[in-house]
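In what follows, a structure is listed as structure tokens, so that the remarks can point back to it.
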Amino acid sequence: MNSYMIQVFENLIQTTIVCSLGICLLLFLKRYLFKNFSKKFNYYIWLVIVFRMLLFMFNYTIVYEVKESKSNNVVGNNITEITVPTDNNFMLYLACLWIFVAMVIAVYTFVKYTKFKNLVVDVSYDIEEDNVNCLYKDLLKELKIKKKIELRGSDELISPAGMGLFKSYIFLPDYPYSKDELNWILRHELMHFKNKDLLIKFAVLFVKIIYWFNPLVYIMSNRVNIDCELCCDESVLNDCSLKEKKEYALALIKSIKLSKNYQSGILTTEFSKTNLEKRLNSIVKKKGRSGILITILVFMTSITSFIEVDAQIKIDESNNGMNNKINEFLLNKKTDKIIDIYYKDAPSKIRKFYEDKCKLQGKIPRDYDIIEMNIKDYNQLIK
């Protein structure tokens with residue numbers, strides 16, 4: 001169990017290093033290159049890193065053998081490299097600390113979100129205005145949304161918001177919105193559900209819980225929220241006229257003014273201030289390129305981060321004479337030097353020796369068990 005925890009933690013460290021470089025690279029590209037692409041591209045490109053970080057346990061090792069020429073001095077008949085182990089106890093302590101903190105954050109976040117959602121739902125009420133309900137039903141048909149999303153009024157929230165991954169709601173505060181303003185507000189919130197933005201918010205939240213120690217993850221989370229709103233604005237205003245874009249911008253500004261820039265809570269979509277200046281500039285700009293080819297290239301490149309290469313050097317059979325002489329020299333050399341080697345990295349004869357020893361002791365050999373041997377005994381076994 002301990003060896004498995006260490007292996008999982010090592011995969012986590014490798015993933016956070018690779019993805020931290022990916023976050024920095026993506027932030028650079030979004031600033032200088034990807035700004036010419038659509039907001040939808042700039043939003044969904046984050047998913048490459050998000051899913052890579054969530055799938056940190058799925059690392060694969062490609063093992064290949066290389067025959068060693070007889071000009072090299074090689075000791076042993078199978079694996080010539082002896083791995084010097086790290087301090088497993090220290091790694092185990094770090095793994096336990098990581099799990100403990102992640103569990104505390106997860107429980108705290110879940111309890112906070114559950115209490116907040118229950119409070120908002122409990123104090124919400126049905127909207128009785130027929131014109132609002134008719135407008136909402138028409139928008140559901142127009143946007144082809146089949147998922148059941150309840151429209152309710154709320155005095156707890158002071159900004160229009162969507163909430164709920166499974167049982168979903170859109171909450172409207174009791175403000176004097178005009179019909180056109182309600183049209184844009186409801187379109188915006190429904191577009192969040194159509195784009196599965198709450199699901200992406202949950203995925204980013206899980207990344208923050210797992211990688212709580214990585215400051216770049218919090219930077220990424222903030223940028224994902226901004227890009228989410230920009231993408232939603234772009235989707236709502238797709239093929240709209242300049243007049244309609246102005247109406248949408250005015251509805252956004254009015255909603256922000258009424259809500260006083262208040263943010264309701266975690267895991268909600270809000271028709272409120274999220275980098276307002278950037279959003280208003282984005283509204284009047286033309287839609288950028290889709291960037292499908294770039295997305296495919298980035299995705300294919302990210303797949304390689306799951307792969308590790310393990311080269312094992314094998315002795316050419318034609319060199320047995322040279323190897324036997326070297327082994328004979330080491331056997332005759334008197335030394336008390338002790339070597340440590342992982343069970344998974346040991347030559348087959350050493351593994352067999354350790355398996356027999358474990359069998360006598362009633363134990364099961366594991367990959368990260370350390371075999372301690374005198375160099376003389378080691379060379380006698382692999383002879």
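In region 27-36, is there at least one residue being modelled with pLDDT of 85 or more and within 23 Å of Leu205 (Cβ to Cβ)? There is at least one residue in region 27-36 that is modelled with pLDDT of 85 or more and within 23 Å of Leu205 (Cβ to Cβ). Tally time: how many residues in region 92-125 are outside any helix (DSSP H, G or I) and hydrophobic (A, V, I, L, M, F, W, C)? The total comes to 0. Restricting attention to region 107-134, the residues that are β-branched (Val, Ile, Thr), under 18 Å from Phe166 (Cα atoms) and surrounded by 12 or more Cβ atoms within 10 Å (Cβ to Cβ) add up to 3.
So which residues in region 123-144 are within 18 Å of Tyr175 (Cβ to Cβ) and among the hydrophobic types (A, V, I, L, M, F, W, C), if there are any at all?
Restricting attention to region 123-144, the residues satisfying the condition of being within 18 Å of Tyr175 (Cβ to Cβ) are 123-129, 131-133, 135-136.
Once the filter is applied, which keeps residues that are within 18 Å of Tyr175 (Cβ to Cβ) and among the hydrophobic types (A, V, I, L, M, F, W, C), region 123-144 yields Val123, Ile127, Val132, Leu135.
Against the list (1) buried (at least 20 other Cβ atoms within 10 Å of the Cβ); (2) out of contact with any strand residue (DSSP E or B) (no Cβ under 6 Å at 6 or more places or on another chain); (3) assigned to a helix (DSSP H, G or I), the condition Tyr218 fails is (1). Per the listing Lys137, Lys141, Lys179, Lys147, the residue uniquely closer than 20 Å to Val121 by Cβ, exposed (fewer than 12 other Cβ atoms within 10 Å of the Cβ) and not polar (S, T, N, Q) is Lys147. When each of Tyr218, Tyr175 is tested for being touching a residue at least 40 places away in the same chain (Cβ under 8 Å) and among the hydroxyl-bearing types (Ser, Thr, Tyr), the lone residue that passes is Tyr175.
Looking only at region 338-383, filter to residues that are small (Gly, Ala, Ser) and within 27 Å of Leu92 (Cβ to Cβ); which one of those is surrounded by the fewest Cβ atoms within 10 Å (Cβ to Cβ)?
Gly362
List the pairs whose first member sits in region 3-28 and is part of a helix (DSSP H, G or I), whose second member is of a type in the set (Lys, Arg) and crowded, with 16+ Cβ neighbours inside 10 Å, and whose Cβ atoms are under 6 Å apart, counting only residues at least 6 apart or on separate chains? These pairs meet every condition: Cys19/Arg52. Exactly one residue among Ile149, Ile185, Ile145, Ile170 is touching a residue at least 12 places away in the same chain (Cβ under 8 Å) and touching a Gly at 6+ places or on another chain (Cβ under 7 Å), and that residue is Ile170. Cys232 meets the conditions (1) crowded, with 22+ Cβ neighbours inside 10 Å; (2) more than 18 Å from Phe193 (Cβ to Cβ) in every case but one. The failed one is (2).
The values are calculated or read from the model by the stated rules, or taken from the named source; none is laboratory data. Fair warning: this is a prediction, and the values are worked out from it, not measured in the lab. Note: ideal-geometry Cβ built from the backbone for every residue, glycine included; neighbour counts use all protein chains shown.
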